[in-house]
Amino acid sequence: MRAGAVRCLAVSMATKSVAWWSQSEKMKLKSLLLRYYPPGIMLEYENSGELKTKSIDLLDLDPSTDINALVEEIQKAEPLITASRSDQVKLLIQRLQNKLKQHSNHKFYLFKYPSRIPGPGFITGSYDRTCKLWDTASGEELHTLEGHRNVVYAIAFNNPYGDKIATGSFDKTCKLWSVETGKCYHTFRGHTAEIVCLSFNPQSTLVATGSMDTTAKLWDIQNGEELFTLTGHSAEIISLSFNTSGNRIITGSFDHTVIVWEADSGRKVCTLIGHCAEISSALFNWDCSLILTGSMDKTCMLWDATNGRCVATLTGHDDEILDSCFDYTGKLIATASADGKLPLDPGTIPCCALSPPPASHLLLAAVALVRIRISFNPQGSRLLTGSSDKTARIWDAQTGQCLQVLEGHTDEIFSCAFNYKGDIIITGTIDPMVNIQLMMVSVND
């Protein structure tokens, strides 16, 4: 369960160890997991019969770091790492250093950025603990937002206004910033574990944060106060989103469920139960009538947003669903998977055509990839995919034809997005650059 949870957060695992008892005799270390992005080691341990995880962050690791001295420091700070296991920890750190040597800049600069770019700027979050605001036209840096003490993992503009930025960090806090000045308005404190997802409501009065502590919280943007804590999940929350009216919010969790909440009261409306593995995505369609959920169980499910009833299960993938999205009419769904199946028809994409409640499921094909990210343009006529093959591709959403391949990155693409007009694409990767590319195909219907 926890190993799968780590994988969903774009973390790579290398090895597992046999279990042993810590010096305290109260915690039993079950396994060691190597985390490449951001660099660190994850510890799975048992405490009073409950399986838990913690991380050893190695954010300042570089190819010249003295491994022996570093492991000595780790042993002093972490009782679960005993002297008898130091050689294993050294091996894991050596593997991290080898990965760092493959990059000209050891800070794998871009870590994540949002799915929609308002106005002339875009933002990036990184494991260097900062968020940066950039000019889309020139590529120049406008502001560096500093203040977090750990990885900046979740970021968002307050669309459609675009005058505020929210950042969520592994330091368990969320910060609210001014786009114009880069000033920090508020620091939201209260979570007891990493913040991994966040969202503004459409009215730009609230920020919602989801955390590995199994809760979500709603915060008042004006005064910085916590309004509600949404409790009900039994495992980490990794996805959340408001509906377009702003009166409902959904949270997706590793406990295999999605919960619908009232945004103005924090009351639980219903729990969507049906998936048999961790949730990877959860979102409303534009008119708030449907909820789409993607899961590690290889399926997507469509739910009636008014009563929580499942109206369709979308099958066809042979591996975990990594991403899913509606177009802006709510009539098309795109799903992305780790199945890497060969195209059924060359040059086509996985796409589901539906009219709620869904009457048809047209699975065209899948790109032969390991990871994939997907996003429709605002017009709904094009679909953008980013992949582990180091390219992004633009597809015709109606015919499934590949219109253009965008090349230039030196490592796998983790994020991709259209701007509001749909004529500019941003692609983000682990390599030390952010590619800005103009769309070279017509977006007119």
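Remarks
- Karplus-derived HN-Hα couplings along the range 310-320 (A = 6.51, B = -1.76, C = 1.60, θ = phi - 60°), whole Hz, x at Gly and Pro: 6, 9, 6, 10, 9, 10, x, 7, 9, 8, 4
- Distant-in-sequence amide contacts of ILE238, defined by a placed amide H-H separation under 5 Å and a gap of 5 or more residues or a different chain, comprise GLY252, SER253, PHE254.
- Close amide H pairs (under 5 Å, H built 1.01 Å from N) link PHE376 with LEU384, residues at least 5 positions away or on another chain.
- Calculated on C-alpha atoms, the gyration radius of the range 27-99 divided by its Kirkwood radius gives an Rg/Rh of 0.96.
- Efficiency of FRET between GLU225 and GLN398 - r from beta-carbon atoms, R0 60 angstrom, step 0.05: 0.80
- Cα-based reach from LYS28 at 29 Å (exclusive), listing lysines while leaving out same-chain residues under 8 positions away: LYS16, LYS52, LYS54, LYS76, LYS90, LYS172
- Highest-first arrangement of 59-72, 380-393, where packing means the average Cβ count within 10 Å: 380-393, 59-72
Here, each number is a calculation from the coordinates, and none is a lab measurement. Because the structure is a prediction, the values reported are computed rather than measured. No Cβ is skipped: glycine too gets one built from the backbone with ideal geometry, and neighbour counts run over all protein chains shown.
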